[in-house]
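For reference, the structure is listed below as structure tokens.
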Amino acid sequence: MVRPGAPDLHLYIESDDIDTLAARGLRAKIRTGGITPDAFPDASSIARFIVRCAEKSVAFKATAGLHHPIRCVKPLTYEPDAPTGTMHGFVNLFLAAALLNHAETILGETDARAFEFGDDSASWRGHSVTTETLARIRSEFAISFGSCSFEEPVADLKELGWL
């Protein structure tokens, strides 16, 4: 029983079994990185996950490894001798969720100039989505992303001139 005024809580499950999550009214979680290169799924795996979630109307969140707005090669930890690897970008992720027909290619994009942002829309290589649609997607579908760092994503967005 939900108490009046109680927060609306949602359970996220890290699983590829989107059918079961949909049947049970649960949300999905995808891990997009870690501290070793093998912890990062490839763009096609993430794209398949996002498309499957969309097909079944399952909201999702993404965690781990999303420290940067655009896909890039960076050290995987803050240690001086850290291994490097390709990290997924959170801007890539959210625009892939909004432009599902191009999801895999967007997830693989490494050129920040391929993305454009205006008052009323965001686009990747000429494929646009309105800010109204993006707001709906963020509240109903691609809910959030997790990063070990608050400062890195903000610094990168400022460096790109997007914040």
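The values are calculated or read from the model by the stated rules, or taken from the named source; none is laboratory data. As the structure is a prediction and not an experimental result, all values here were calculated from the model. Quick reminder, even Gly has a Cβ in these numbers, built from the backbone with ideal geometry, and neighbours come from all protein chains shown.
At a glance:
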| quantity | calculated |
| --- | --- |
| Positions within the range 59-81 being in contact (Cβ under 8 Å) with a residue 12 or more places away in the chain and out of contact with any Gly (no Cβ under 9 Å at 6 or more places or on another chain), in sequence order | Ala59, Phe60, Thr77 |
| Members of the range 28-38 that are modelled with pLDDT of 95 or more and either under 11 Å from Gly65 (Cβ atoms) or surrounded by fewer than 17 Cβ atoms within 10 Å (Cβ to Cβ) (or both) | Ile30, Arg31, Thr32 |
